[in-house]
Amino acid sequence: MRLPLRLSICLALVAPAAAWSHDLTIFPRVSSNALTLRLHLGDPGAYQPIEPVQLVRMQLIAPDGEVSEHRADVVRDTPDQTLASAKLPRPIRPGLHMIASVYDNRFATFDAKDVAIGTTKDWRPDAVDSAHFIKFAKTLFISGKSGPGFDRKLGARLEFVPLADPFGLPVGARLPVQVLFDGQPLAGHKVEFGDATTSSLGGPLKTDDRGVVEIALSRAGVYRLAVDMRAKSPYPALYDFDDYTASLVFER
């Protein structure tokens, strides 16, 4: 049964704070003549509804650096609305590719019980916390052999940058990954390290003074990194913080 529009909007606005704070992750499936992207918001096993209309950017970056925009190709796939996907029926060139996305999870204000309403302090001046939530997602995949481009910087405010080729290192090696905030190393900051089924394999890692964590490449499969960072709002009368999350996904 389709809910009346007014009721649907109310249900979307009132939710726990976690619905705003999770990261966006993108998982590619490559065939000889097509690329399918699967987009998730939140942690594995606890995905949140995802809205394609909130995607600001969905870019495919080819090995030669050519950028194509695919935001209009993204649709929701499942009845619970926790999966969005895009199928790109195009030949995939040999080499290392990057997927880059920005998702605007909008504004939220929180009361003392951490109950959220999707608005600004203009409408909820008694809120104890408020933020604008932005998600940055980066995924690497290869077609055939790997190549240059793994360390390409996109200029996102919060960003993971591998310092070695995730697909070129042997099993047992350690992959250094740098975390940048406003283009500078983010030192002493926690990073979540998981896979396709869990957000955390053990406790969080912490970046060193160069903003680097080292990931043990101990298995075949999906590697998933996530980090979050808050910055003071440029519009404090409306909300207190810009709340950023960034993810990095690759499979080897």
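Laboratory data are not the source of any read-out in this text; all were calculated from the coordinates shown. These figures come from a predicted structure and were not determined experimentally. Virtual Cβ from ideal backbone geometry, glycine too; neighbours counted across all protein chains shown.
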Out of every Cα-Cα pair in region 112-187, what percent are more than 20 Å apart? 53
Using a Gaussian network model of the chain whose springs link C-alpha atoms within less than 10 Å, name the residue from 36, 25, 139 with the highest mean-square fluctuation. 36
Work through the residues other than residue 49 whose Cβ is under 10 Å from its Cβ and net out their charges, Lys, Arg +1 and Asp, Glu -1. -1
I need to check one value: relative contact order of the chain, counting alpha carbon pairs closer than 8 Å and at least 6 residues apart, in percent. 18
Long-range amide H partners of residue 106, meaning residues 5 or more apart or on another chain whose placed amide H is closer than 5 Å, are 133
Cα point-scatterer Debye curve for the chain, base-10 log of I(q)/I(0) at q = 0.08, 0.10, 0.12, 0.17 Å⁻¹: -0.32, -0.50, -0.72, -1.36
